[in-house]
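Following: one structure in structure tokens, then a few remarks.
The values are calculated or read from the model by the stated rules, or taken from the named source; none is laboratory data. In this text the structure is predicted, and so the values were computed from the model without any measurement. Backbone-built Cβ (ideal geometry, glycine too); neighbour counts: all protein chains shown. Just the protein is used for accessible areas: all its heavy atoms, side chains included, with ligands, DNA and RNA removed. Shrake-Rupley method; radii C 1.70, N 1.55, O 1.52, S 1.80 Å.
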Amino acid sequence: MEGKEPKRWINPMDELKKSKKPIYRTGLKVNNSLTNSKVEFVSKDGTPKVTWYMCGPTVYDSAHLGHARTYLTFDIIRRILTSYFGYDVNLCMNITDIDDKIIKRSNEQGIEFSKFAKMWEDDFFKDMRSLNIMYPNYITRVSEYIPEIIDFVKVIMDKGYAYEKNGSVYFDIEAYKKGNHMYAKLVPQDKNQNIEELEEAEGALSKDNVSEKKNKGDFALWKKSKENEPFWESPWGQGRPGWHIECSVMSSSIFGQKLDIHSGGIDLRFPHHDNEIAQTEAHDDSQQWINYFLHTGHLKIEGLKMSKSLKNFKKITDFINVYPPNAFRLYFCSSKWDLEMDFTENGLAEANTNDRYISEFFQNLKVLLRENDLKRDLKFSELDNKLNDTLIAAKNTVHSAFC
């Protein structure tokens, strides 16, 4: 990549136009976090086939309403892409079953970490089914990709973008930038700030390792395991994967070196997703791994950040036995998917009322059609024409909104 100026985003349309092959275009635009603007969506091959990697849960506790908003939002977008725009979407979602939070919580409860993680994984998918969220095409667990993670880290080290220290391996951000790469493409203004976020991303069990790093922003690709922590054998000793590396490896294992869509909650933009981009583009010697990044907005509860300390931590199970899945779907559709949303139970109840109204309308319509099938005069009246015009206008409005 010598001599090429690193860019924040390379429009895939530019390369596709050069090929002079037919391009599947639908008029769809997406709010791409790599540009902070709406840009036309095309797949990397210019075909209807779309590859999509979605950050899944870290399984150590019950799924909450923030999870509901994120996964319902992407389920809605996925259904629109497939059922309306005709894309063949292949979606992969990971399960983080190796993580500082999981290890800490399982040790506190005296449960073997893998059993603990599987328990909460099952609980998560139970909640997703209760919300009528479709399964991904691929589900990957970190614990099942350890050999691939080790090989991936080796390649990054061999290319000079990572270093080993006391049995841990860290990504070298300064070396990466010197190699004609841009760091922190999603949130460039935060790359030298948000130390608290950087430390949180490294994990509570790894705070003592800060002094091992060359630069404060360097992040762990492989962590040396301590006492009472799970471990796997590696060239650097007994250890376990860092958080960010898992998504790069599992996505690349499923889809290869180029990805159409990557998605997650807005809180993952920095450092998680920015670090994913860096390590993958370092590994692949590429300038662009992801073409489109989608991030859902924050979910507040009655105007406040959701937190156990504020006693407003709302689990999906607190509501799913009271309100049907479509009530959640309609409610989350009432706010723009990539902006902050304020959850209130009154709002959910109103969505439930609207859901019942819609359901009753279609039930009544089915009865009317069944009772009057071909029995009435088929000539269009003025009222019929008005109704048809209204229907066409509504379809156009929906089409514009979906685009």
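Against the list (1) surrounded by fewer than 16 Cβ atoms within 10 Å (Cβ to Cβ); (2) without any contact (Cβ under 8 Å) to a residue 12 or more places away in the chain; (3) polar (S, T, N, Q), the condition Asn107 fails is (2).
Every test in (1) farther than 17 Å from Ile277 by Cβ; (2) part of a loop (DSSP other than H, G, I, E, B); (3) open to solvent by 40 Å² or more (accessible area, probe 1.4 Å) is passed by Val42 save one, and that test is (3).
For segment 64-87: of the residues being more than 18 Å from the chain's Cα centre (by Cα) and surrounded by fewer than 22 Cβ atoms within 10 Å (Cβ to Cβ), which is farthest from Leu339 (Cα to Cα)? Among residues in segment 64-87 that are more than 18 Å from the chain's Cα centre (by Cα) and surrounded by fewer than 22 Cβ atoms within 10 Å (Cβ to Cβ), the one farthest from Leu339 (Cα to Cα) is Gly86. As a summary of the residue check, Tyr357 satisfies the conditions (1) at pLDDT 95 or above; (2) closer than 30 Å to Leu268 by Cα except for the one numbered (2). Contact annotation: residue pairs with Cβ atoms under 7 Å, 6 or more positions apart or on different chains, pairing a residue in segment 334-349 that is within 11 Å of Ile266 (Cβ to Cβ) and charged (D, E, K, R) with a partner that is in a strand (DSSP E or B) and modelled with pLDDT of 95 or more, are Asp338/Asn31; Asp338/His295; Asp338/Thr296; Glu340/Lys300. Does any residue in segment 137-148 that is under 18 Å from Met54 (Cβ atoms) come within less than 6 Å, Cβ to Cβ, of a residue that is open to solvent by less than 40 Å² (accessible area, probe 1.4 Å) and of a type in the set (Val, Ile, Thr) six or more places away or on a different chain, and which pairs are these? Going by the 6 Å Cβ cut-off, the qualifying pairs are Arg141/Ile95; Val142/Thr96; Val142/Ile98; Tyr145/Val249.
Quick one: in segment 51-94, which of the residues that are of a type in the set (A, V, I, L, M, F, W, C) and in a loop (DSSP other than H, G, I, E, B) is nearest to Tyr292 (Cα to Cα)?
Cys55
Check segment 30-37 and report whether any residue there is open to solvent by 80 Å² or more (accessible area, probe 1.4 Å) and not polar (S, T, N, Q). Looking for residues that are open to solvent by 80 Å² or more (accessible area, probe 1.4 Å) and not polar (S, T, N, Q), one finds none in segment 30-37, hence no. Counting only helices (runs of 4 or more DSSP H) wholly contained in segment 95-161, the ones carrying 3 or more residues that are small (Gly, Ala, Ser) occupy 113-130.
So, Lys314, is that one farther than 30 Å from Val153 by Cα and open to solvent by 100 Å² or more (accessible area, probe 1.4 Å) or not? When the stated conditions are applied, Lys314 does not pass them. For segment 238-253, the criterion of being open to solvent by 30 Å² or more (accessible area, probe 1.4 Å) and not in a helix (DSSP H, G or I) is met by at least one residue. Ala220 falls short on exactly one of the conditions (1) open to solvent by 20 Å² or more (accessible area, probe 1.4 Å); (2) modelled with pLDDT of 95 or more; (3) closer than 27 Å to Glu108 by Cα; (4) not hydroxyl-bearing (Ser, Thr, Tyr), and that condition is (1). Taking segment 88-99 as the region of interest, how many residues are surrounded by fewer than 21 Cβ atoms within 10 Å (Cβ to Cβ) and touching a residue at least 60 places away in the same chain (Cβ under 8 Å)? Selection size over segment 88-99: 1. Residue-level analysis places Thr47 among those that are among the hydroxyl-bearing types (Ser, Thr, Tyr) and either open to solvent by 10 Å² or more (accessible area, probe 1.4 Å) or over 20 Å from the mean Cα position of the chain (by Cα) (or both). Taking segment 335-369 as the range and being touching a strand residue (DSSP E or B) at 6+ places or on another chain (Cβ under 9 Å), exposed (fewer than 13 other Cβ atoms within 10 Å of the Cβ) and of a type in the set (Val, Ile, Thr) as the test, no residue passes.
Could you look through segment 370-391, keep only residues that are surrounded by 10 or more Cβ atoms within 10 Å (Cβ to Cβ) and among the aliphatic types (A, V, I, L, M), and pick out the one that is farthest from Gly86 (Cα to Cα)?
Within segment 370-391, the match that is farthest from Gly86 (Cα to Cα) is Leu387.
Scanning segment 162-189 for residues that are part of a helix (DSSP H, G or I) and either surrounded by fewer than 17 Cβ atoms within 10 Å (Cβ to Cβ) or of a type in the set (Phe, Trp, Tyr) (or both) gives Glu174, Tyr176, Lys177, Lys178, Pro188, Gln189. With respect to (1) in a loop (DSSP other than H, G, I, E, B); (2) closer than 19 Å to Leu131 by Cα; (3) open to solvent by less than 60 Å² (accessible area, probe 1.4 Å), the lone exception for Ser286 is condition (2). Scanning segment 196-213 for residues that are open to solvent by 40 Å² or more (accessible area, probe 1.4 Å) and over 20 Å from the mean Cα position of the chain (by Cα), we see that the one that is modelled with the highest pLDDT is Ser211.
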